[in-house]
Amino acid sequence: MTQQDAAIPSVGLEGWRFGLAVAAISLGTMLTIIDGAIATVTLPTISRDLHVDSSSAVLVVTVYQLVLVMALLPFSALGDRIGLKRLYQGGQVVFTIATILCFFAHSLGFLLVVRALQAAGAAAALSVMAAMIRVIYPPKHLGRGLGLNNIMGSVSGALAPSAGGLILAVAPWPWVFAMAAPFAILSLALGRWALPDVPPRQTGPYNLAGAMLNMATFGLVISGLEALVHGNSPVVSLAIVGIGLLFGVALVLHERHQAAPILPVDLLSRPVLALSVTGAFLAFSASQMLILSLPFRLQHGYGLQPSEVGAMLALWPLTTMIVAPIAGSLSDRYPAGLLGGIGMVIATTALCLLAFLPAHPAYFDVAWRMSLCGAGFGMFLSPNARLIVGSAPRERAASAGGLVSTTRLVGQTMGATGVATVLALGFATSHVPAMLAAGLAIVAGLCSIARLRPSVRNPTGHETNAAQPGAHGDVGAA
């Protein structure tokens with residue numbers, strides 16, 4: 001064993017170093033998610049100050065999301081080759097520099113360039129974050145660690161609009177971005193001292209062709225769908241989607257022959273992981289569809305004020321904050337398939353109840369249904385992420401973590417696209433979006449329960465015991 005290998009903790013970190021490492025990772029998670037969402041509230045101000053139309057200003061958000069989705073999997077493969085900590089902190093450095101540069105943006109073009117750079121840094125950090133958590137936490141507490149990270153993500157998403165509004169109330173819009181810089185530097189400093197050095201686990205040349213095909217696939221498909229739902233030429237938009245799908249076919253064919261593929265087809269070939277990823281995609285799509293469509297229904301259909309709607313929607317992330325760590329801890333002892341199935345039953349029930357609200361709903365009528373939704377999705381997502389990360393071989397941990405983040409972002413993007421389509425068809429004030437979300441949740445629940453079958457958990461009987469307690473040093477019940 002080399003000295004570098006000996007520096008890797010086999011049972012997680014301990015003492016003050018553990019606390020600082022958790023703080024560094026949590027702060028990094030919050031920064032990358034907040035900076036992705038906080039720009040939304042600044043768009044009208046940016047449009048006015050930079051003298052551009054509203055549709056152009058929206059690119060400030062869409063560029064960040066698009067680069068993030070395109071870069072996550074290529075960066076996760078890079079982390080396996082240059083080391084998890086090196087890539088994580090390198091991404092934070094790029095993110096911090098781009099955040100500072102946003103403060104000096106005086107044109108939309110410059111702002112879009114630095115936002116793309118910011119997203120690239122965020123993608124580098126997020127792509128290996130789950131793998132870093134796997135190293136930081138003792139194997140028996142991996143679910144707890146991922147649950148805590150989910151809390152940070154939920155809190156960040158909930159706080160971003162309010163934080164942006166408060167900053168805009170007292171300062172110009174560039175400060176909305178610049179305020180993150182001191183916290184990014186703090187996260188860098190904490191990580192420099194506390195995060196463990198994990199040496200590269202993959203050797204050989206980087207799969208550049210796979211990375212390019214991956215970026216082309218996600219970039220073209222998502223761009224084409226965005227263009228379609230925003231009223232651009234249907235023929236051109238669908239052509240872009242079709243070209244992206246062709247790149248996707250080429251990507252899969254190429255990656256099947258790679259020892260460590262960019263798109264982890266080797267992991268997805270395992271039924272338990274394929275079901276987990278499919279379930280996560282459907283769950284994120286369902287939650288995004290409900291969260292984005294409900295404000296239109298409550299305001300336009302029931303005449304509620306935006307402040308009332310905001311207070312109602314807040315119960316979802318607040319409940320998730322409580323349920324996610326509990327579900328994560330439970331997943332260290334109980335099958336993720338069972339916990340996820342229970343979660344989706346709760347979520348489906350809540351979505352159906354939201355679909356059929358009273359004629360004149362009060363705050364409590366909506367709030368408790370939203371809280372029930374948050375509990376259901378929180379019960380599903382934490383154990384699901386724990387299974388994906390914990391079941392992958394250690395040398396593929398970064399790819400598994402990148403797969404978790406990519407699935408979340410693609411699912412949310414598809415959910416947003418679905419909402420735009422439903423609204424364009426005139427169902428903004430109806431129960432249709434909630435019922436569609438319930439249908440997606442039902443299928444996600446079936447995917448979760450299917451993982452309980454022994455033939456799914458271990459199809460060959462000897463291929464891997466990753467889904468069993470103690471395999472690869474983890475407790476990853478399917």
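The values are calculated or read from the model by the stated rules, or taken from the named source; none is laboratory data. From a predicted model like this one, the values you see are computed outputs, not experimental measurements. Cβ sites come from the backbone with ideal geometry, for glycine too, and all protein chains shown count toward neighbours.
Are there any helices (runs of 4 or more DSSP H) wholly within region 249-359 with 1 or more residues that are assigned by TED's automatic domain parsing to the domain that holds Thr413 and small (Gly, Ala, Ser), and if so which? Let's see the steps before the verdict.
Details: elements: 265-268, 271-296, 306-313, 315-330, 336-355.
Of the helices (runs of 4 or more DSSP H) lying wholly inside region 249-359, those with at least 1 residues that are assigned by TED's automatic domain parsing to the domain that holds Thr413 and small (Gly, Ala, Ser) span 271-296, 306-313, 315-330, 336-355.
If a residue has to be part of a helix (DSSP H, G or I) and either at pLDDT 80 or above or among the β-branched types (Val, Ile, Thr) (or both) to count, how many in region 411-458 make the cut? Can you show your working first?
Filtering region 411-458 down to residues part of a helix (DSSP H, G or I) leaves 411-424, 432-450, 454-457.
Now drop any that are not either at pLDDT 80 or above or among the β-branched types (Val, Ile, Thr) (or both), which leaves 411-415, 417-419, 421-422, 432-450, 456.
Adding up the residues that qualify gives 30.
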> Can we say Ala23 is hydrophobic (A, V, I, L, M, F, W, C), in the same structural domain as Leu148 (by TED's automatic domain parsing), closer than 26 Å to Ala398 by Cα and crowded, with 19+ Cβ neighbours inside 10 Å?
Replying inline: no
> Which ones in region 224-245 are under 25 Å from the mean Cα position of the chain (by Cα) and of a type in the set (A, V, I, L, M, F, W, C)?
Replying inline: Leu225, Ala227, Leu228, Val229, Ile240, Val241, Leu245
